[in-house]
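As C-alpha cells, the structure follows; a few thoughts come after it.
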Amino acid sequence: MKKSLLLLGLFTITVGLASAQDSPETLFAKKVSLEKIGFMVDPGVQLSQVAGEGTAFALFRAGVIFHDKLTVGGFYGQMLNDIRPASFENMLPSNAHMDSFQAGGFIEYTLFASRLVHFSFPFALGIMELEIDEEGRYYDYEEAKTLFFEPGAQLEVNLHRFARLHAGLGYRIMGAHVQEAAGVPAAGNNLTFQVGLKMGLFSIQNFKQN
C-alpha cells in the first residue's frame, strides 16, 4: 500500500513539473502554422554544358514554402537538344547522339521576399542520366547515372503577388556514379544559368491580408 502511494505521489509530481515547463527550444523559433505555409510551381529553362557540349534543359520545380523564406521540393529537367560529344567521332555512327534528364530534390532560402527585387539561394541534390541514342536503329544503349549537387544564387522580381520572375547562376558538381555505361562520357562539372517563373500561393497569410 505504501509503495502504491509513493509511486502515485512521484507520478503526480512528475506530471506537475512537466506541465509547468516552457516549450522546448526548437530549430525554428516560431511554430509553423498553416497560414504561414505556401506552395509554388516553377517552369523554366537551364543552360549549361554536358560532356563539353552546350545544351538546354526544360526544368520544372515544385515545392512547399514555409514563412515565405524556406522552400523544400523536387525538380525534373529534360534535355531539349540532342548533343554529339567529340568522343563519338571515332567510335559511333554519325547518327548517334546523346540525350539526358535530371531529377531530384532541392531546398531554397529566400531573403526579403516582400521586396520588389530580392535574392534566393537554391541548393539542388539529384541524379543525372546520360544515354546514347542512334536514329533509325532499334538498339538500346545502356544509361549512365551520376549523382550531383548544385548550389546557386537567383535574383527575383515580384511581378504579382502570385508570380515571381527569377534568373541566376549555379554550379553543377558531379559526384559518385550510380550506374556506368561503356562509351558514355562524363557530364563534367559546369556553370549553369537558369531563368524561370515561380507561380503559386507563397503564403496563405499574405493571401488573406489582401
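Laboratory data are not the source of any read-out in this text; all were calculated from the coordinates shown. Keep in mind the model is a prediction, meaning the values are calculated, not measured. Ideal geometry is used to build each Cβ from the backbone, glycine not excepted, and the neighbour counts take in all protein chains shown.
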Quick check on segment 71-210: take the gyration tensor over C-alpha atoms, sort the square-rooted eigenvalues as a ≥ b ≥ c, and tell me if it's rounded (a/c under 1.5), prolate or oblate.
prolate
Residue separation between Ile107 and Val72 times 0.36 nm, minus their alpha-carbon distance, gives in nm 12.1 nm
If a/c stays under 1.5 just call it rounded; otherwise compare a/b with b/c (prolate if a/b is bigger, oblate if not). Do that for segment 120-180, with a ≥ b ≥ c from the square roots of the Cα gyration tensor eigenvalues.
oblate
Within segment 43-69, list the residues whose amide N lies under 16 Å from a label point set 7 Å along Cα→Cβ of Ala186.
49-53
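How much net charge surrounds Phe60 when only the other residues with a Cβ under 13 Å from the Cβ of Phe60 are counted, with Lys and Arg +1 and Asp and Glu -1?
Values: positive: Arg61, Lys198; negative: Asp42.
Net charge around Phe60: +1.
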If the chain between Leu159 and Leu47 were fully stretched, how many nm would it gain, using 0.36 nm times the residue separation less the Cα-Cα distance?
38.0 nm
